Structures are given as C-alpha cells and as structure tokens.
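Everything on this sheet refers to the single structure shown next.
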Amino acid sequence: MYFVFVSMLLWIISEVFDKQYVKAVIIALVVGVLTIIALII
C-alpha cells in the first residue's frame with residue numbers, strides 16, 4: 001500500500017517536471033527503497 005502511494009507520488013512528480021534527471025533520480029530512489037525493503041525482510 002505504502003509502495004503504491006510512493007509510486008503514484010513519484011509518477012506525478014515526474015509528469016510535472018518531465019526531466020531526464022528527475023526520472024533518473026526517481027529510478028535510483030525506487031531501487032534504493034526496494035533494496036532497503038529486501039534487506040529488512
């Protein structure tokens with residue numbers, strides 16, 4: 001549920017700014033979050 005909310009929020013941000021570097025940062029954040037979740041689990 002939380003991950004879905006974050007994904008939607010990041011998608012909205014990417015749509016608003018629509019910049020390559022923004023999308024790169026979003027991808028990096030998603031990968032980082034998934035890595036942290038995987039380590040916790």
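The values are calculated or read from the model by the stated rules, or taken from the named source; none is laboratory data. The shown structure was predicted, so the numbers you read here are calculated from the model rather than taken from an experiment. Cβ coordinates were reconstructed from backbone atoms using ideal geometry, including for glycine residues, and neighbour counts include every protein chain displayed.
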Quick one: how many residues across region 1-31 are on the phi > 0 side of the Ramachandran plot and assigned to a helix (DSSP H, G or I)?
0
In the set 36, 13, the lone residue that is hydrophobic (A, V, I, L, M, F, W, C) and in contact (Cβ under 8 Å) with a residue 12 or more places away in the chain is 13
Does residue 34 qualify as being part of a helix (DSSP H, G or I), on the phi < 0 side of the Ramachandran plot, modelled with pLDDT under 80 and surrounded by 10 or more Cβ atoms within 10 Å (Cβ to Cβ)?
no
